Amino acid sequence: MLTVLDLIGIAAFAASGALAAVRARLDLFGVIVLALTTALGGGTIRDVLLGVHPPAALVNWPYLAVAGGTGLVVFWFHPTVSKLRRSVLLLDAVGLGVFVTAGTSTALALGSPPYAACLVGMTTGIGGGALRDVLLREIPLVLRREIYAVAALGGAVIVAVGDWLGFPEGLVTLTGSVLIAGVRILALWRKWNAPIARKLDHPET
Amino acid sequence: MLTVLDLIGIAAFAASGALAAVRARLDLFGVIVLALTTALGGGTIRDVLLGVHPPAALVNWPYLAVAGGTGLVVFWFHPTVSKLRRSVLLLDAVGLGVFVTAGTSTALALGSPPYAACLVGMTTGIGGGALRDVLLREIPLVLRREIYAVAALGGAVIVAVGDWLGFPEGLVTLTGSVLIAGVRILALWRKWNAPIARKLDHPET
Amino acid sequence: MLTVLDLIGIAAFAASGALAAVRARLDLFGVIVLALTTALGGGTIRDVLLGVHPPAALVNWPYLAVAGGTGLVVFWFHPTVSKLRRSVLLLDAVGLGVFVTAGTSTALALGSPPYAACLVGMTTGIGGGALRDVLLREIPLVLRREIYAVAALGGAVIVAVGDWLGFPEGLVTLTGSVLIAGVRILALWRKWNAPIARKLDHPET
């Protein structure tokens, strides 16, 4: 069950990376590299931070196959995938939920204190998208818009608190995932954004 | 004592990250993520290179609290913080000194050869600022201006040589820190810059 | 023999990093940092992924000396080095071959499954150039042009398959390196490019 959700999330993240790469006019292999990086980058950063060698994302071939395959599909059928943008965003919300909660759980299981586990979980969820944007020379979207990082943080906190209260891991992870996906979908639907600081009167260089 | 200096450095680095994020129009959570990344990114890179898992920056909650809190303060009071730019730069010089020397010491203590320890120490000092600039789509300032990297390198070399000569670690670290901070403050005050290569006559693509 | 090729590759990668830095108007130390990052970044990413601490690139002083020295030479003599652009590209092809095959071998020796070893080897070869371009605010060239990533992948696959068939490592590594260098040189000479996706009719934001 969780593995299926995992693969759905990987496909959605890979699609977002591959679409962005197609728009940036990367070649076929650049598109596949971006699909792999966006889908597996967050988990790889998590494993590097926690000392899991080699990173799980590299040794699980179904993950690689789904991410690379999605990249190929997007390369050939990107006009169709672009039209499915709304569905990709929905699946991306599911992926964010699964990645953040799995990242937080893994960190807790490896002995991180709860606040560190939340940060690691958040990084797992937003790291891939941040890598995608940095490679394509954009300021990471997740830092600018639409309640992305804060939804991730909220779900991570739920997992950490639930674990501390001794609730079963499956229940806690599911609750966190649903919350993250729900907040993201609501934010997309109602066009919620996190606040931005007041304009500078006298901007400096 | 060193912990206090550490926290001062973290606050100064977090303020520089948060100010840059406010100017780039990131939202509240983007500002906090940039504050955390700038303040704790260098130490995290150091720990990932040296195999310290999970990175100290993630498991020391006072570091997280100071960095995140500074981000919040800058978000709300950034016009005031902008006016204190000069003080932030002074504190940043102190932070650079503390981070570089602490990074070099840690690497030596974990068995790195002296030249590797210098590189690790330099990376500890300039890594956070480099991450900040890459995330905000700038060429890292530390590579372009004002004797930043070279001050860091100089201090790291002092720590490595002092350690090799058997001087007590506290003394060596303090000397290195003071040197780095002093050079940086002098460079800011006298507008010193490292040399730039001669212009290309026939620049190629 | 392999060490000599290794050092040639490091010098070529360092030269490409330093030339790019000179063009971006970085100062002397920025040029040297870019030379080190481009030459040693791929190997460092490999070691971080595989859990080799501290990374070999940091503890092998000949690597550091060659990379830093090349940076210095380029800083002072960059008009001459620019004219040697063709030779630098040839040496870069050799470097790519050596880095990718050595990275794949290392990953296999440390117990990674073959497909993971291929990805690690490819990352070893293209990681340094990608870091260079990200630091200089470019979309990584290796993802956009001239059969770079795919030559790397092809060589990595040869090493993995050869290892699986039980051929001696030296032979396999040499074959892979020659293939990568050959494909790259042919691609440069015949101006081969990987395919790019069809244009979007209605590009979205």
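Taking R0 as 30 Å, what's the FRET efficiency between C:LEU171 and C:LYS83 from their Cβ-Cβ distance, rounded to 0.05?
Values: r = 37 Å, r/R0 = 1.24.
For R0 = 30 Å, the calculated efficiency reads 0.20.
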(message) Rg/Rh for region C:64-175 to two decimals, with Rh computed the Kirkwood way over all alpha-carbon pairs.
(response) 1.03
(request) Residues in region C:34-74, backbone N under 20 Å from the label point at C:ALA109 (7 Å along the Cα-to-beta-carbon vector): list them, ranges by number please. (result) C:40-64
(message) For B:GLY51, place a label point 7 Å from Cα along the Cα-to-Cβ direction in every copy; what are the distances to the other copies, in nm, shortest first?
(response) 1.0, 1.0
(message) To check my understanding: the extent here is largest minus smallest coordinate of the Cα atoms along each principal axis. What are those three numbers for region C:110-205, in Å, largest first?
(response) 51, 31, 27
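Need one value for A:159-172: mean number of C-beta atoms belonging to other chains within 10 Å of its residues' C-beta atoms.
Numbers: counts 0, 0, 0, 0, 0, 0, 0, 0, 0, 0, 0, 0, 0, 0.
Other-chain Cβ atoms within 10 Å of each residue's Cβ, averaged: 0.
Span-like helices, chain C: DSSP H, alpha-carbon axial extent 24 Å or more, mean Kyte-Doolittle 1.0 or greater, which ones?
Numbers: long enough: C:2-23 (32 Å, 1.71); C:28-50 (33 Å, 1.70); C:61-83 (28 Å, 0.73); C:85-109 (35 Å, 1.14); C:114-135 (31 Å, 0.90); C:148-164 (25 Å, 1.60); C:169-190 (31 Å, 1.25).
Flagged H segments are C:2-23, C:28-50, C:85-109, C:148-164, C:169-190.
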(request) Please identify which residues in region A:92-113 have an amide N closer than 17 Å to a label point set 7 Å out from the Cα of A:LEU186, following the Cα→Cβ vector. (result) A:93-94, A:97
(message) Report the Cα centroid-to-centroid distance between region B:23-38 and region B:52-112 in angstrom, as an integer.
(response) 15
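Using a 10 Å cut-off on Cβ to Cβ distances, tally the other chain neighbours for every residue of C:133-140 and report the average as a whole number. Please report the intermediate quantities before stating the final value.
Details: counts 2, 6, 6, 3, 8, 2, 9, 7.
Partner-chain Cβ atoms within 10 Å, mean over residues of C:133-140: 5.
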(request) Would you mind ranking C:PHE77, C:PHE13, B:PHE75 so that the residue whose beta carbon has the fewest other beta carbons within 10 Å leads the list? (result) C:PHE77, B:PHE75, C:PHE13
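From the helices alone, meaning DSSP H stretches of at least four residues, give me the mean residue ellipticity at 222 nm for chain C, per-run term -39500 (n - 2.57), in deg cm²/dmol to the nearest 500.
Numbers: 8 runs with 158 residues, N = 205.
That comes out to -26500 deg cm²/dmol.
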(message) Need one number: the % of Cα-Cα pairs in the protein assembly as shown sitting beyond the 48 Å mark.
(response) 8
(message) From Cα pairs below 8 angstrom and at least 6 apart in sequence, can you work out the relative contact order of region B:2-190, rounded to a whole percent?
(response) 25
(message) Defining the label point at 7 Å along Cα→Cβ, can you sort the distances from A:LEU186 to the same site in each other copy, shortest first, in nm?
(response) 5.8, 5.8
(request) Taking a label point 7 Å out from Cα toward Cβ, give me the nm distances from A:LEU89 to the same spot in the other copies, shortest first, one decimal. (result) 4.3, 4.3
(request) Work from the charge dipole of the protein assembly as shown (Cβ charges, +1 for Lys and Arg, -1 for Asp and Glu, about the Cα centre) and give the residue of A:VAL88, C:LEU171, B:THR80 farthest towards its positive end. (result) B:THR80
(request) May I ask for log10 I(q)/I(0) of region A:2-190 at q = 0.09, 0.12 Å⁻¹, from a Debye sum over the Cα atoms as equal point scatterers with solvent left out? (result) -0.29, -0.51
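With +1 on each Lys and Arg Cβ and -1 on each Asp and Glu Cβ, how big is the dipole of chain A about its Cα centre, in debye rounded to the nearest 20?
Details: 15 positive and 11 negative charges, 155 e Å.
Here chain A has a charge dipole of around 740 debye.
Every read-out reported here was derived from the displayed coordinates using simple, explicitly stated rules and does not represent laboratory data. The model shown is predicted, which means the values in this text are computed figures rather than measured ones. Virtual Cβ from ideal backbone geometry, glycine too; neighbours counted across all protein chains shown.
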